[in-house]
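Here is the structure we will look at.
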């Protein structure tokens, strides 16, 4: 058994074993931030001449900056995300065990609740094991970022006007090996950045959907609960679930802000390029992706809020008026707690929902019009 230093005794066990990954993630985040600044300087240099090149430089800078924020988050809060998955999985299995026996779980409604709990547990198990992919992805980041050349841009603007690979090799001469390696490294880095964005959003959407499913399951349980023991167990589970969802919102506050700013930045630059007539596949490909990120986050925020409000209606519609005094007190306490809806918050943007998304898109449209006229 190896001994740990006093600084490592209080650290999570997974971070003790992956300390190279954690410190490497912090170093990679700093390097990505520096490269994004260089891309911004390249965009300013080419602003007056090659407009398409300038747009690509700016979009690459946005990708690198968001990738740096993601790496910083993943190196710092990886264990918090895994703890959230473990707590939700434990709560799901407990609800599954509580609803299987007893007369209140018989019939179609009870079978549906048990099936929902089992599907939720399976989804959490798959998501927990899928998070192992963050280790090789972060390692790829650490290997590729230092090897990229000083000018971090897609080299499609540097391609000579040739029609075949042999002509390109003949034009470049001995430099085609370096050109191919540079292109491969840049493509790998950008692909890993998008993979990390997708992985972060998949984990976030999974946790939000599981939280909404557990809230609906608890609402069904409260609605049919006729005994104080059943209601008290549901009350404890609801309190624990609210604590987990509050931690979930705190952990993902800053990454959600980075995702929104990065996605709207992609959409701004892509729209400007389309208006100016630069039909580039790289620019066109980012345009629908930018709106997909924000739309999914707005939908999951509304889903979680609506699911939390079901608990209030279920507690009020249940047979609590005919119960004893202790049962009525527990139901009133549950309704008081459920009167505040559960929300997902992004730092400096507020609670995520479709109305908030509409407000962001309105502001983005006004700023895009101003940016197009200025450019």
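Any read-out appearing in this document is the output of simple, stated calculations on the displayed coordinates, not a laboratory observation. Only a predicted model underlies this, so the values are computations on that prediction, with no experimental measurement involved. Ideal geometry is used to build each Cβ from the backbone, glycine not excepted, and the neighbour counts take in all protein chains shown.
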Worksheet, complete the sentence: Most exposed first, judged by fewest Cβ atoms within 10 angstrom, 66, 127 run 127, 66
Fill in: Alpha-carbon radius of gyration plus Dmax, which is the widest Cα pair, for the range 239-375 in Å
21.0, 72
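Treat the range 291-333 as a sphere of radius equal to its Kirkwood radius over Cα pairs and apply Stokes-Einstein at 25 °C in a medium of 0.890 mPa s; give the translational diffusion coefficient in µm²/s, rounded to a whole number.
Values: Rh = 12.4 Å.
Approximately 198 µm²/s, per Stokes-Einstein.
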Worksheet item: Would you list 291, 266 from fewest to most Cβ contacts within 10 Å?
Response: 291, 266
